[in-house]
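Okay, structure first, notes after.
The values are calculated or read from the model by the stated rules, or taken from the named source; none is laboratory data. Bear in mind the structure is a predicted one, so any value in this text is a computation, not a measurement. Using ideal geometry, Cβ is built from the backbone for each residue, glycine included, and neighbour counts are taken over all protein chains shown. These accessible areas exclude ligands, DNA and RNA; they are computed on the full protein's heavy atoms, side chains included. Shrake-Rupley method; radii C 1.70, N 1.55, O 1.52, S 1.80 Å.
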Amino acid sequence: MKRLQNRPLLFVFLLSLTIVGLVLHETGNTQAVENLILGPVTPVQDHLSSLTNDFSDLIQTFRDVRELRRRNEELQSLADSLMVENVRLKELESENETLRQLLQFTQANPTYSYRAAEVTGHVIGQDPSNLLRSIIIDVGTGDGVAKGMPVVTDRGLVGRIVEVRSRSSKVLLITDVSSSVNAIIQSSRATGIVEGKADGGLVMKYIPQTVIVNVGDIILTSGLGATFPKRLVIGQVTAVHKRDIELFQQAEIKPTVDFERLEIVLVITNFEPIEMAQ
């Protein structure tokens, strides 16, 4: 009932607005009304538009950060891969250099046949009588390796095979205290015996007192006793011990082989050593 009573008033209000609108349109004053109506609304609209733009910028920033994070993860993964590849290439380069040097050694010493072997372990243990120094290599009887065969690198004598299995062997190093090698001084041709020391060094014993031994002299295998081939490099004299009351003098020898960094060695497979009677 109340809604029906308000209809005439609504009709009169709308009619009035229509008449006012026509009058304003005819007189050209609609701009004033628009300014009156839109004036308060425009700042709000501008503010809402600014907020909308800021929100869009924020969303875009989040997207950019996520994209940057993804690209950063990709770049980090690529950097890690390149680092691994670089390490691998350096290892290959080092191995190739070692193999080139070994090849040069075999070409310079064509008399013998060789079997390349990788060092798979070092053995430094306390024996009841002395300190053992040896290495394990990855060749054995199945590769034509036998007990007593010499082991070398391009830098010189390493030792000899003392134990053999089907696919591995133990090499007694010349630095072991139980090792002895018949040797010769390159300059004077004087002979003696090189033995291992407890500290991992070498000493040449039984050098005649009449022989002049100088620091820097090169020591080679003499081949006497037929336990090692001739002319394999053993080391270099670093000190000489000579006393008139003794029959022989001694010389401290620095090995040319770096026994702590052995990775690949050569087994001389066609040399047949003669084991001396104990």
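Give the residues of the range 171-198 that are charged (D, E, K, R) and over 14 Å from residue 133 (Cβ atoms), sorted by residue number. Reasoning before the result, please.
Taking the range 171-198 as the starting set, the residues that turn out to be charged (D, E, K, R) are 176, 189, 195, 197.
Passing the criteria: only 189.
In the range 141-174, how many residues are closer than 23 Å to residue 101 by Cα, open to solvent by less than 10 Å² (accessible area, probe 1.4 Å) and in a loop (DSSP other than H, G, I, E, B)?
Selection size over the range 141-174: 2.
Name the residue, out of 171, 164, that is touching a helix residue (DSSP H, G or I) at 6+ places or on another chain (Cβ under 8 Å), in contact (Cβ under 8 Å) with a residue 12 or more places away in the chain and under 26 Å from residue 109 (Cα atoms). Give the steps one after another, and end with the answer.
Working: 171 fails: touching a helix residue (DSSP H, G or I) at 6+ places or on another chain (Cβ under 8 Å).
Just one listed residue meets the conditions, 164.
Check 84, 119, 123 and return the single one that is in a helix (DSSP H, G or I), among the aliphatic types (A, V, I, L, M) and either surrounded by 11 or more Cβ atoms within 10 Å (Cβ to Cβ) or modelled with pLDDT under 75 (or both). Outline the logic, then answer.
Values: 119 fails: in a helix (DSSP H, G or I); 123 fails: in a helix (DSSP H, G or I).
Answer to the selection: 84.
Please go through the range 195-211 and pick out each residue that is open to solvent by 40 Å² or more (accessible area, probe 1.4 Å) and part of a loop (DSSP other than H, G, I, E, B).
197, 198, 199, 210
Does residue 143 count as among the acidic types (Asp, Glu) and at pLDDT below 90?
Taking the combined requirement at face value, the residue does not satisfy it.
Taking residue 271 as the residue in question, decide whether it is under 13 Å from residue 157 (Cβ atoms) and modelled with pLDDT under 95.
Details: under 13 Å from residue 157 (Cβ atoms): yes; modelled with pLDDT under 95: yes.
The answer is yes for residue 271.
Just give me the residues in the range 175-194 being of a type in the set (Ser, Thr, Tyr) and assigned to a strand (DSSP E or B), in sequence order. Can you show your working first?
The initial filter retains those residues of the range 175-194 that are of a type in the set (Ser, Thr, Tyr), namely 175, 178-180, 187-188, 191.
180, 191, listed by residue number.
Which strands (runs of 3 or more DSSP E) does the range 228-278 wholly contain that include 1 or more residues that are of a type in the set (Gly, Ala, Ser) and open to solvent by 100 Å² or more (accessible area, probe 1.4 Å)? Even if it seems obvious, please write down each step before you answer.
Numbers: elements: 233-241, 248-255, 264-268.
Passing ranges: none, list empty.
Considering each residue of the range 129-140, count those that are surrounded by fewer than 18 Cβ atoms within 10 Å (Cβ to Cβ) and of a type in the set (D, E, K, R), and give that number.
Result for the range 129-140: 1.
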